[in-house]
Amino acid sequence: MNDETTPKPDSEPEEPKVQTETAQGQSTVAEKAESESQPMDNPESTSATNPYAAPASDVGSLAETEYEYTGFWLRLVSYIIDSIIIYFIITLPLSFILGQPNMNMQTEADFQAFYSYYGQFSFVSFFLTGVYYVVFWHMKGATPGKMALGMKVINAKTGEKPSVMSLCLRYVGYIVSAIPIFLGYMWIGWDKRKQGFHDKIGSTIVVRPRKGGNPVEFE
């Protein structure tokens, strides 16, 4: 009589284990999809943890490292260039439009006519010259004279483009700089940030690409 013994399986089926791993995989995929669908509340923290994220923009630091203050003599040269341009596009045409004053002043009426002409000429010339400066400062960041020497007028506190109001105050400040024997202009040579009185009034500084000078510092 032969006793045949049925062999027992060496191991149990692994179906429960496979099901467990499948469930874990689905849970991981669901969590990943949920995290990707959520908006980034704090981009700075994301960029700090993600090495592939774009660096945050820092205009102030960029300007500070790339620009330096412009001194008195270079600004004087730029002023001469602008003065020549203004003479041909404003002063000369205006003298033809308003005519020439009567220089043979013998009577009181002659003096009054001369002062009237001089007042009109000065007012219109000052206004048109102001338009020249403010428009170029606002649109290009500098007048042609400053652009020729690589200069730029920026906000003294932020390094950004000044507002129109600040630029208007800066132009009016030219009068303040000129009144005390041009002390406001000469102040550029002594000031740490190379600011004249008009720069301080308009809260501006004049800078150029750095060539070894002290870097710009914002307030």
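May I ask for the net charge around residue 82, where only other residues with Cβ less than 13 Å from the Cβ of residue 82 are counted and Lys, Arg are +1 while Asp, Glu are -1?
Neighbourhood net charge equals +3.
Could you run the Karplus curve 6.51 cos²θ - 1.76 cosθ + 1.60 with θ = phi - 60° over the range 73-83 and give me ³J(HN,Hα) per residue in whole Hz, x for Gly and Pro?
Computed from phi, the couplings for the range 73-83 are 5, 5, 5, 5, 4, 5, 5, 5, 4, 5, 5 Hz.
In nm, to one decimal, how far is the modelled label at residue 158 from the one at residue 97, with both set 7 Å along Cα→Cβ?
3.5 nm
Once you keep just the Cα pairs under 8 angstrom separated by 6 or more residues, what percentage relative contact order results for the range 82-195?
Averaging sequence separation for qualifying contacts and normalising by length gives 17 percent for the range 82-195.
Work out, step by step, the length gained on full extension between residue 131 and residue 111: first 0.36 nm times the residue separation, then minus their alpha carbon distance; give nm to one decimal.
Between residue 131 and residue 111, full extension yields an extra 4.2 nm.
Which net charge results when you count Lys and Arg as +1 and Asp and Glu as -1 among the other residues whose beta-carbon is under 12 Å from that of residue 203?
Taking every other residue near residue 203 into account, the sum is +1.
So, R0 is 25 Å and r is the distance between the beta-carbons of residue 176 and residue 73; what FRET efficiency does that work out to, to 0.05?
My answer for the efficiency is 0.70.
May I ask you to evaluate 6.51 cos²θ - 1.76 cosθ + 1.60, the Karplus curve with θ = phi - 60°, for each residue of the range 95-101 and list the ³J(HN,Hα) values in order in whole Hz, giving x for glycine and proline?
Per residue, the Karplus-derived 3J(HN,Hα) values read 5, 6, 6, 7, x, 9, x Hz.
FYI, it's all coordinate maths here, none of it is from the lab. Keep in mind that this is a model prediction, so the values were computed, not measured. For neighbour counting, all protein chains shown are included, and Cβ atoms are generated from backbone atoms with ideal geometry for every residue, glycine included.
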